[in-house]
Structure formats: structure tokens, C-alpha cells
Amino acid sequence: MLKGRHLIDPMDFTTYELDEIFSLAEKIIEDEDRFKDACRGKLLATLFYEPSTRTRFSFEAAMLRLGGSVIGFSEPNSSSVAKGESIRDTIRTISCYADIAVMRHPKEGAPKLASMYSSIPVINAGDGGHQHPTQTLTDLLTIKCLKGQFSNLTIGLCGDLKFGRTVHSLIKAMSRYENNRFILISPKELRVPDYIRKEVLDKKGIEYVEVEKLEEVIGELDILYMTRIQRERFFNEEEYLRLKDSYILDMEKVNRAKEDMIIMHPLPRVNEIDYEVDEDKRACYFKQAKYGMYVRMALIMKLLGVEENA
Amino acid sequence: MLNIDSIKNGIVIDHIKAGLGIHIFKYLGLDKADYNVALIKNAESSKLGRKDIVKIENIIDLNYEVLGLIDSNITINIIEDEVITKKIKLTLPEEVVDIIKCKNPRCVTSIEPNIKHIFYLVDSERGEYRCLYCDEAYSNMEV
């Protein structure tokens, strides 16, 4: 039962509960019109303590497409937060007005704290470099819709695997399904943290390899998940110059990939995917953004418990 | 073994890992006690090889949570009329509230006023705790 629950960590829900959300999302994709009044009379509060246009728009679009309404702030200076109000007091007050709240905050654990004092469901829309669970739901729905399954996949994760929270969450989430294999593509100094290797991959006996160059492994992949590497993350300039092209996806590399591989990216992209790739049928990152909205629609409905009205 | 008079009414904290006795002694403020106390270091132990023991000739309030964090293997014996009336085996507490503060500067606890600092046990073998809010990892000794 998801009604009344919070979503703070990508692993808060069981795979069974996630399936419920994805099934509803697929119904919405199939016949969106049927859900246009599903949240009529319901109010979503968007509490964005730092700017994030993309995530906020995705949540707002989701609620509006369900016939609900939205209130909120998009940066703390325009709210009572500027007067020094605590997170606890803010969420307690908002709970009086809204039916569900979405929070983004630069401090880690802020949505968790809010959920402890809230009488309405709280969704974590990103807390610093900590968690961003609806990005994981987005990634999973994209995989479900485009690959048709969560099992028996070879998943390549490319870029900054050390600091990229979306990558860590996706590895954890996909490790819950059977027979997946990971190819982790990054410079040595930006490999996945030890705890992901030891506590997730090794613990569950999941097959994985760590390589430095994308072009060497792209042909094996069912999914390629690209992330950006910031230049300052490289150990030294020499390493950057030696490897930088390995982490830029262009058509030369895409041509070596399977015909049905899908290319994903949490967006925004900077220069890690060449614009020429956008036209290739394997480029799925803009579809992924759309799935992000659909999965948020399904999530809002499930947490509000309004499915039966649709 | 060094002979320390037996206790009439009081507490014996036994099976302390050698070297940790002094921490417990100080934590309990026994260096300032005006009743009989003894810290025995490096006593022979069949289980541990060497162990520390703290003897207190007084019934004082003990925070088992904190003692469990310092050393989860210790045994507390309550003595009344020279007889052990209660034996308490400590374990690592599942949750630790407001004993230390999270050191992660990115954690919400660094900005929110009057917040409870909560750590939950993730691995009792390794004594690993995590901050409830930001998941920063701590060992039981740090806590």
C-alpha cells in the first residue's frame, strides 16, 4: 500500500511496489486522457530550496496533467525560509494547506527530516549530493518501457561513477533484478565507491567489469547510461587529455553498438553526447525525460491513493 | 592477580577490552568520585586474554547505551550485600540519539535548530552506524 507513504530513498519501495507504480505509469502513457481529472481538487506543494527547473517542471507538469493544482516556491529567498523558518515548521504549515509535498534542498537529509514532521506524503526531489529517488524511478520506467524487462541486461555506466548519485542508485536498483551485468566505464580515479563494489555488487555476486574506454565495450551493451565528467574531477591534466574523448559519445562509437542498445542520460547534457547522436534511434534521453513526468504522475496518484477515481 | 577488596553494595563492570577501562572510568566521572572506586587494567582473562575491570562501591545511574557503544562486550554486575543480584550483558544499541553530532557539513543537522541527532546501527559486527538524515558512516568508537 503506497497511499500516505513518503519517498525519500530510491530503495524505500519494494520491487513489488515499484511494479505497481510502473504499471500505472504504463496505463497513463497508453491513455493519458483517462487520467486528466485523477487529482482534481488535490494540491501539490513544491518546496524548492535551490533552483532546479527541470525537476520542478516535471513535477508541476505531472500534477497539472492529472487535473491537480500546484503551490510552492522555487528558491528560498522568496519564502518564509528567508526569515529563518525551520524545515520542521515549514512542512508542518504546508501540511495544513497541501495534500502532497515535493522537496529539493541543498542539505542532505532535509526531506527525511521533513517527512518525520509531515502529515502529508513527502517526495525527495534531490537533497544535495545524497539521493534523488524520482530520477531512479525515471530510469527504471525508461528501461521497462524501452527494453521490456529489468533482467538479463548488460548495463554500461559511463563517466563520473564516483560522485554521480544517479549511477549509484541505478546500480542498487538494477541489482535487485536477476542476471544483470554491469560494465563500469570511467577513469581510475572516478570509479564507483568501494561500498557500491563491496556492499552491492560483490555481496550479491553480480558480474561486473571496470574499464577505462567506452569504445572498447560499447558493442556488448544493452543500455548505455552516460553521465558528465567535470574536467576538475580528473587527477591531472595529462589524464584528462588522454581520456577525455573516451567519455564523449559520438556517432563513431554509436556505430559500434548493438542496433537495439538504448542511450540514457539524466540531463542536462553538456558535451558528453555529441548533438549528432540525438538523431539516432538509440538516443533515448529526451524520451527518458518524458517517462520522468509519467512516472511522477503515477507516483503522485499512488501516494495520494487516488487511482480508484480514474 | 592484584587483590581488590570485594564490594558490598555497588557495581562491577567486567570484561572490558583492555585499554578501554580508562575511557569508561572517565566517562562515568569516577576520577572525581568520593566513594571507593577501582580501575583494574590488564587483568588476566580466559575469554579475552587481558581485560579491564571497573569496581564501584556505590549504586550509580549507568547509561547502557553509551557503555554499549564504548564496548558492547562488557558485563555489568550489580552487587547487593556482597551478592551479584543482576548481570547485564550489553550490546550495541540499535539507535543512538543525541550522544554525538553528525560531522558532515552537508547534513541537514548542520542548519536545522533543535534537531535530534540520530544514528542507526547498520552492521553490528563492524559496529557501523549511519546518520539517519545523511547516511554518513561512523564506527561505534567515533560515536
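Numbers below:
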{"quantity": "DSSP-assigned coil residues among chymotrypsin sites (Phe, Trp or Tyr not before Pro) in segment A:207-253, each with at most 16 further Cβ atoms within 10 Å", "calculated": "A:235"}
{"quantity": "For A:212, A:189, order by how many other beta-carbon atoms lie within 10 Å, fewest first", "calculated": "A:189, A:212"}
{"quantity": "Estimated dipole of chain A in Debye, rounded to 20 [Cβ of Lys and Arg +1, of Asp and Glu -1, Cα centre]", "calculated": "920"}
{"quantity": "Convex hull volume of the protein assembly as shown per residue (C-alpha atoms, cubic angstrom)", "calculated": "196"}
{"quantity": "Relative contact order for chain B, counting Cα pairs under 8 Å that sit 6 or more residues apart, in percent", "calculated": "21"}
{"quantity": "Listed pairs A:36/A:107; A:198/B:17; B:26/B:89; A:162/A:281; A:27/A:281 exceeding 32 Å between Cα atoms", "calculated": "A:36/A:107"}
{"quantity": "Bins of 10 Å from zero: percent of alpha-carbon pairs in segment A:71-201", "calculated": "11, 34, 26, 20, 8, 0"}
{"quantity": "Alpha-carbon spread of segment B:10-89, three principal axes, descending order, Å", "calculated": "29, 26, 23"}
{"quantity": "Test item: B:23-35 mean partner chain Cβ contacts at 10 Å", "calculated": "0"}
{"quantity": "Sequence-separation-based contact order of segment A:134-289, relative, with Cα cut under 8 Å and 6+ spacing, percent", "calculated": "24"}
{"quantity": "Per-residue Cβ neighbour rank within 10 angstrom, fewest leading, A:59, A:163", "calculated": "A:163, A:59"}
{"quantity": "For chain A, with +1 on Lys and Arg beta carbons and -1 on Asp and Glu, the positive-most of A:81, A:57, A:156 along the dipole", "calculated": "A:81"}
{"quantity": "Lys, Arg +1 and Asp, Glu -1 on Cβ, resulting dipole of chain B about Cα centre, debye, nearest 20", "calculated": "320"}
{"quantity": "Charge dipole (debye, nearest 20) of segment A:134-289; +1 at Cβ of Lys and Arg, -1 at Cβ of Asp and Glu", "calculated": "740"}
{"quantity": "Eligible aspartates and glutamates near residue A:42 by straight Cα distance, threshold 20 Å, same-chain separation 8 or greater", "calculated": "A:32, A:33, A:60, A:99, A:307, A:308"}
{"quantity": "Within-11-Å neighbourhood charge of residue A:5 [Cβ basis; K, R +1; D, E -1]", "calculated": "0"}
{"quantity": "Rg/Rg_ref, segment B:3-48, where Rg_ref = 2.2 N^0.38 Å and atoms are Cα", "calculated": "1.19"}
{"quantity": "Span from the segment B:109-143 Cα centroid across to the segment A:104-140 one, whole angstrom", "calculated": "18"}
{"quantity": "Normalised contact order of chain A, rounded percent, pairs of Cα under 8 Å and 6 or more residues apart", "calculated": "21"}
{"quantity": "Segment A:26-88: GluC sites (Glu not before Pro) in DSSP loop, at most 16 other beta carbons within 10 Å", "calculated": "A:85"}
{"quantity": "Exposure proxy order (Cβ contacts within 10 Å, fewest to most) of B:47, A:27, B:103, A:253", "calculated": "B:47, B:103, A:27, A:253"}
{"quantity": "Per-selection metrics, segment B:95-142 (Cα): Rg and Dmax in Å", "calculated": "10.3, 33"}
{"quantity": "Projected label distance in nm at residue B:123 and residue A:197, using a 7 Å step from Cα toward the beta-carbon", "calculated": "1.4"}
{"quantity": "Folded to 0 to 90 degrees: helix A:285-304 orientation relative to chain A principal axis, Cα", "calculated": "30"}
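Laboratory data are not the source of any read-out in this text; all were calculated from the coordinates shown. Just so you know, these numbers come straight off a predicted model, no measurement behind them. Neighbour counts run over all protein chains shown; Cβ positions are idealised from the backbone, glycine included.
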